[in-house]
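Undergrad: Here it is, the structure in full.
The values are calculated or read from the model by the stated rules, or taken from the named source; none is laboratory data. Keep in mind that what you see is a predicted model, and the values were worked out from it rather than measured. In this analysis, Cβ positions are derived from the backbone assuming ideal geometry, glycine residues included, and neighbour counts consider all displayed protein chains.
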Amino acid sequence: MEYTSIAYKAEYFVTTLFEKNQQDFLLYHNLEHTRNVVTRAREIAGQYDLSEKDQAILYVAAWFHDTGHLFVEPAMHEIKSIELMKTFFANEATKEEQEQLMPAIEKCIMATHRNNTPRSIPEQIVADADTYHLGTKEFKDTNKRLKKEYILRHLIAPNINWNKKSLEFLESHRYYTPYCIGLLEEGKQKNIEKLREKNIKNEIKVVNEEPNEDKKLSKEELKQKTSLLNKGIQTMLRLTSENHLRLSSLADGKANILISVNAIIISVILTVLLRRLEVDTYLVFPTVFFLLFSLVTIVIAIMATRPKVSSGHFSKEDILNKKTNLLFFGNFHKATLQEYEWGMQEMMKDQGYLYSTLVKDIYYLGVVLGKKYRLLRLAYVIFMVGIIIAVLAFSLAVILNRSGGATNSTAMPL
């Protein structure tokens, strides 16, 4: 069955739909964005050997994925986009095309929702194409346009901390296709770092820009200074804790990349290369060497992300003696709710105990973070050394085999 024409029909339908229902407030979710997503989808799809059917599913989904923004609020736009896609198929497609394409296209459109995980390759491509800009220099411009759009649609207040919301979104986002992971992940991390710097500057600005009220009494002045100092301490502790958690999340992401890449390498070797070893025995040593290094890298990367949970119990004496950190779940996850509430109330009564607990929490986060990054560094070194030696071993084995074959072929029989 031929599927090419349906994608062209979808392009014409969606283009006409945007032109006839143009909304001035759609500064980001407009026809330009839709065309960019289709272009990126074609770029990513070029890395795969997709069938004509899968290509049609991918491109139709890319054209329709944001059409719902023309008629409904963002929270419901995927549902409306699917409804518009079904209307298009009812008028423009054959019954066979409807049965073969519509269910998969619906899944692809839903895969662009931030809380959904794409499963199939077309779903992953659409999801990555939709967020392609997060890893590029275009992010600054698209992020500004998205904010203005949300303000015009009365979805956010003009004075909202948009950088903080953008940072939360980028930190929770992930790419799914190996192509986008390799091409865009580094750029996305740079954009994350820029947003973090802006957030820290905003926090410092808020702390420093306390309102200057008339000083009536020396006690009031002292109270204001104390309040400002406490706020500065709280901001420092919170930012330090957030930075540690972000670094931990970044380490987990890097470990996940190592695990994924080496798992792919091992699966390719086991499914493709091992078949040739009976014939090409000279490749046995390089193959085993490559497998060994990949396996060791995966084990160390898993060790870097493996969680460690403590007993989960604490006693009243621990609280009274200020020995327990109730901010860490590992110290209370097996305690009863009543015990935990009592412990937290006791801790909050004592400001010194509270600040001491926060400091300890940051310290132990740093200890865990140090271990993670040591193991992660070791895993990357092993992977780098292993892949270099393996490539050299493969090259040497091929060269020696060819030279040996050439010698045998030129030898004169006795």
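Undergrad: Kindly list, by first and then second residue, each pair from a residue in region 187-215 that is closer than 20 Å to residue 240 by Cβ to a residue that is modelled with pLDDT under 90 and small (Gly, Ala, Ser), limited to pairs with Cβ atoms under 7 Å and residues at least 6 apart or on different chains.
TA: 207/232
Undergrad: Follow-up. Output the residues belonging to region 125-167 that are part of a helix (DSSP H, G or I) and among the hydrophobic types (A, V, I, L, M, F, W, C).
TA: 125, 126, 127, 129, 134, 139, 146, 151, 152, 162, 167
Undergrad: Whether any residue in region 87-105 is on the phi < 0 side of the Ramachandran plot, of a type in the set (D, E, K, R) and modelled with pLDDT of 95 or more is what I want to check.
TA: There is no residue in region 87-105 that is on the phi < 0 side of the Ramachandran plot, of a type in the set (D, E, K, R) and modelled with pLDDT of 95 or more.
Undergrad: Turning to a different aspect of this structure: Residue 90: closer than 24 Å to residue 25 by Cβ, outside any loop (DSSP other than H, G, I, E, B) and of a type in the set (A, V, I, L, M), yes or no?
TA: no
Undergrad: In region 1-57, what residues are among the aliphatic types (A, V, I, L, M) and either over 28 Å from residue 150 (Cβ atoms) or free of Cβ contacts under 8 Å to residues at least 40 places away in the same chain (or both)?
TA: 1, 6, 7, 31, 45, 50, 56, 57
Undergrad: Restricting attention to region 151-167, which residues are of a type in the set (Gly, Ala, Ser) and either under 26 Å from the mean Cα position of the chain (by Cα) or not assigned by TED's automatic domain parsing to the domain that holds residue 74 (or both)?
TA: Hit for region 151-167 is 166, nothing else.
Undergrad: Could you tell me whether any residue of region 169-186 is charged (D, E, K, R) and closer than 20 Å to residue 74 by Cα? Full working, then the answer.
TA: If we filter region 169-186 for residues that are charged (D, E, K, R), which is where we start, we get 171, 174, 185-186.
From what's left, closer than 20 Å to residue 74 by Cα: none.
Checking region 169-186: not a single residue is charged (D, E, K, R) and closer than 20 Å to residue 74 by Cα.
Undergrad: Quick check on region 8-34: of everything there that is closer than 21 Å to residue 87 by Cβ and among the charged types (D, E, K, R), which residue is farthest from the chain's Cα centre (by Cα)?
TA: Checking each candidate, the answer is 20.
Undergrad: Let me ask another. Any residue at all in region 87-104 that is in contact (Cβ under 8 Å) with a residue 40 or more places away in the chain, among the small types (Gly, Ala, Ser), in contact with a Leu (Cβ under 7 Å, 6 or more places away or on another chain) and in the same structural domain as residue 19 (by TED's automatic domain parsing)?
TA: no
Undergrad: Being assigned to a helix (DSSP H, G or I), touching a Ser or Thr at 6+ places or on another chain (Cβ under 7 Å) and surrounded by fewer than 19 Cβ atoms within 10 Å (Cβ to Cβ) is the filter here; which residues of region 173-203 pass it?
TA: 187, 203
Undergrad: Here are some residues: 50, 101, 58. Which one is part of a loop (DSSP other than H, G, I, E, B) and within 15 Å of residue 3 (Cβ to Cβ)?
TA: 50
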